[in-house]
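So the structure is just underneath, and the comments pick up after that.
The values are calculated or read from the model by the stated rules, or taken from the named source; none is laboratory data. Predicted model, so just to flag it, every value in this text is computed and none were measured. Cβ coordinates were reconstructed from backbone atoms using ideal geometry, including for glycine residues, and neighbour counts include every protein chain displayed.
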Amino acid sequence: MTLATGAGAAVPSPTVTGPITGGRGKPSIASTSFDLAQVGYEQAEYFISGTASAHTNAGTFGFDGKWTVARGGRALYA
C-alpha cells in the first residue's frame, strides 16, 4: 500500500514512438512457446522518452516506510 500526502505536481507525459520495426540486431526478449495472437495478445517494442524527476531524503529513512522526501533534480531519459 502506498500513501502519498502533500502537494502534487503536474507530471509531463512521456513521448512514445513505435512500434519499433527493423534493426540489425537479434531480438533478446524472452517470449512464449506459442503464438500470442491465438490468445488475444501481441508483442511489440516501443521507445519511451521524457523527463524524470528525482527525489532525495529530507530526513531519516526509518523502518516504518514513512519517509519525508524533497524534490531533487530532473533528467531526460530515452
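Checking each residue in the stretch 22-67 for being surrounded by 11 or more Cβ atoms within 10 Å (Cβ to Cβ) and part of a helix (DSSP H, G or I) picks out only Leu36. Cβ separations smaller than 6 Å between residues 6+ apart or across chains give the following pairs from the stretch 41-61 residues that are farther than 30 Å from Gly23 by Cβ to residues that are exposed (fewer than 10 other Cβ atoms within 10 Å of the Cβ) and of a type outside the set (A, V, I, L, M, F, W, C): Ala54/Gly73. For beta carbons closer than 7 Å, sequence separation of 6+ or different chains, a first residue in the stretch 2-24 that is under 30 Å from Trp67 (Cα atoms) and of a type outside the set (Gly, Ala, Ser) and a second that is surrounded by 10 or more Cβ atoms within 10 Å (Cβ to Cβ) and at pLDDT 90 or above, the qualifying pairs are Pro12/Gly50; Pro12/Thr51; Pro14/Ile48; Pro14/Ser49; Pro14/Gly50.
The set of residues in the stretch 33-78 that are among the polar types (S, T, N, Q) and over 23 Å from the mean Cα position of the chain (by Cα) comprises Ser33, Gln38, Thr60. Does Ala75 meet the test of being among the hydrophobic types (A, V, I, L, M, F, W, C), touching a residue at least 12 places away in the same chain (Cβ under 8 Å), loosely packed, with under 11 Cβ neighbours inside 10 Å and closer than 19 Å to Ser13 by Cβ? Answer is yes for this residue. Scanning the stretch 12-21 for residues that are outside any loop (DSSP other than H, G, I, E, B) and either at pLDDT below 80 or loosely packed, with under 10 Cβ neighbours inside 10 Å (or both) returns no hits.
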